[in-house]
1. Between residue A:44 and residue A:99, how high is the FRET efficiency from 1/(1 + (r/R0)^6) when r is the Cβ-Cβ distance and R₀ = 30 Å? Nearest 0.05.
2. Rg/Rh for the stretch B:494-565 to two decimals, with Rh computed the Kirkwood way over all alpha-carbon pairs.
3. When Cβ neighbours within 10 Å are restricted to other protein chains, what is their mean count per residue of peptide A:145-157?
4. Mind checking the mean number of beta-carbon atoms from other chains within 10 Å of the Cβ atoms in B:460-473?
5. Would you please give the FRET efficiency between residue B:195 and residue B:313, computed as 1/(1 + (r/R0)^6) with r the Cβ-Cβ distance and R0 = 51 Å, to the nearest 0.05?
6. At q = 0.08, 0.09 Å⁻¹, what is the log10 ratio I(q)/I(0) for the protein assembly as shown, with the Debye formula run over Cα points and no solvent?
7. With everything on Cα atoms, drop me the angle between helix B:8-37 and the longest principal axis of chain B, reported from 0 to 90° to the nearest 10.
8. For chain B, take the alpha-carbon Rg, divide it by the Kirkwood Rh, and send me Rg/Rh.
């Protein structure tokens, strides 16, 4: 019996050796192809962070098997044979190789065996390993392409150093409602807010603050529930927009656009649980949205567009809704407001500004720009533009833009990486891309967020929404979040007694409706 | 497990009798199921989403109740072939009956849950997963009962393991198992174990909900029990649950030596069970729902003859049936000749409105495809996905709209998903060829028509008032459907000025005469001072003029009192004049 067992093991080992032997290309006998292999996603000449997960990819060249060799200046190369074009790089070896070679180039060589048994050897794909790491976690919302009804969606956190993706909250745990507008204070995973709308547990903001969870009703006499948000660097105040959003549907071309019937800004004080505002950021003559604090907390940047009455007589009013970039001074100690300043008169250039995001060093402001409205991802022409706040230079961030829509970006905490959404893969789904921003103020070629199974990602219909970097994993348990979401204990919001205005035209409705009543 | 009920010869006759009844019952179920499910109605009503894809399967394994939901969806795929689906369903019901046979011994009474389940499945929306879940619950109960006679702690541990597995597989449905086990304990006067099982059955879902698969804790009990895969249970499901409890309640009688056993196992009880089941079935069959479903089924397949045949039997239909009938009339070239043969709902029977748009988003998308308004067809296909998931029809529509818009990258994704469905690979392959060669889209008999009708200039569409799109679409002289729908909309709204504006379109070669309802509307228009007929080559038929004269004479004889004339004018019920008098002018809806 033992003899037969040994024989079997030997036979299997022999088969294995033989199998492996012909899986490996003969470097000298292979036919060299004078181009890089066709792969998905595009990895040629990208810059990757030293701590990123393996950039698994799909080889689109026909043949079988595939042989991959990955090497850099130091360390042992990674080599392996794959029966299909799904290349899954071993994570431990990848990490070792990257850690050994910060600031160096990384090469991937692809060999494919043809029917005749000859191997094709393609030109190596070159990447650059940046010395600067990226924040280890990314939080985003995953949805399907949405119009009016909301089916399944969820908030997820992704470990960028691996492929681990964990749901923070799924909307089927929260009555099937719409979960959106999440934000963090200073990349801190323990200080998070998000909103939920139009569902069983009601329309509220959920706030996690250093282990404490609260269900907050941000409505006051002057505003309905809040939406776009930015946490002040001092952690005490959050700037919010509150908008009455509408969608319009096109007969030809892109299917829809979003515009506001009314929108204003306000500040929510976490300690006093009060809301305040000032005429500069809630003028009935303008529509203010997308608040963004400067890193020193002394300015509130925001987008400002014309009031609906100014454009309502046009056949397509949204086409005339172009937003400028403005800022207003703010004293975080006294809470007093300064003067209003125009930062970028985009409307004069025939453009509309959205999603202003300031780099952590306060030098650059990255924003989405489209021809009109403030919802760039619905507009194919939208792209990312960079404004140098020191020199005032405003330029197209060409290196990271594509012919498809780009938007919803976020700076990493060290200011060296930007994550943004783009529809470049298929024109409909939004994927996340990471781009390196060097010390000279230039972007490098972006790459798609690495996925464990590139083939699945290639055919997946998904919209990655609102990516936000965080410095660590979110420690709040799903159970605690669900309990808070359904809790009847609601933190009410008061109104600053000095605020007397009541913005006109605001209403409590939402453009998104629940698909299933639960 | 059971003892013989009567003496051997009698028992033999009893067995033959029971076998005959069982075969008869299953045969009846098979015929009934084939009638109910044919021609693929159950599948059409549920459109169970199932993809042969690892990630799709894993999603269902990640929450309690997911496995049986997945299994149910796979099972439902069999219903794309009506006879196969009917056979599978009857076998499943037979299995449930058989399992109860094991539980209560040979009699006809154990068929009661299966008969009630059969009645439950008269509701087309009821997912197959429920019956599968019930089969699992009964199997789990039988396994538990095998532990009877063992030490208390073995039974307790056994229940804990069985219940936990059952909870993962069926979610809240496992509470039925717990109830049956507790009932069993109470029948044998074991209050202590019953209490322990009760505590366990309540604690395990809570622990699952708070630690393993976090959900809102009431959902941990409700999912599977009172709703299943989006289906909300009605009274019939509770009756099924009750019948399961009845089986457990009868078990001591059927297996014991009581005087009740023989009558319960006798032919009278069998007849009562079958008659009761038949009554439940007759109560549950909803013929009007079946008719609506049939129309929806044939409309989805663009079988307009059948839509007209089924829908045309009644003059008054609900708004959805009338919507499909109007589509069928158009595709038969009869919309402007026959639409007033049916009760029309101004603003609701040419286009769907909320809540029908939410209930039948893809049917709404279908009309926009017909009209060439592909963007809006895309919009409602995406709404359909949010509401019903990636059903094969939704995937096919998304593939179509993106092919029509030349967006091949996203189209290929939807077609790849369509390929992963069990029955639509061929369609996916056909459309897949269009990805490589855009000219093939123009040559496709359906997509080619849509492509031709697509508007060139952009305009805004109001989802709340979809009929407004006709004002723009009608400007395209080649969009016949937009023209006829526009005219129909003008007729319904009584907008004769808008109607006359586009009348010259009737001089196109594709029209050889003025459609009847347009003639009738023109006759009314011509009564206005200074009105002229903007047509050169077409004239009103003599018959219409004669009928109009007769109609007006009746009214004039009664001094224009339309209420007094109603009876005499009833013979004109299918004319636009009648609609004009009693809806447009009369202000009735």
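1. Computed FRET efficiency for residue A:44 and residue A:99 comes out at 0.85.
2. Values: Rg = 13.6 Å, Rh = 13.4 Å.
Expressed as Rg/Rh, it is 1.02.
3. Working: counts 6, 4, 10, 9, 9, 2, 8, 4, 1, 0, 0, 0, 0.
Per-residue shielding by partner chains comes out at 4.
4. The mean count of partner-chain Cβ atoms within 10 Å per residue comes to 2.
5. Numbers: r = 59 Å, r/R0 = 1.16.
It comes out at approximately 0.30.
6. Taking Cα atoms of the protein assembly as shown as identical point scatterers yields -1.05, -1.23.
7. 30
8. Answer for chain B: 1.09.
No value in this document is a laboratory result; all are computed from the given coordinates. Predicted, not measured: the structure shown is a model, and the values here were computed from it. Cβ atoms come from the backbone with ideal geometry, glycine included; neighbour counts cover every protein chain shown.
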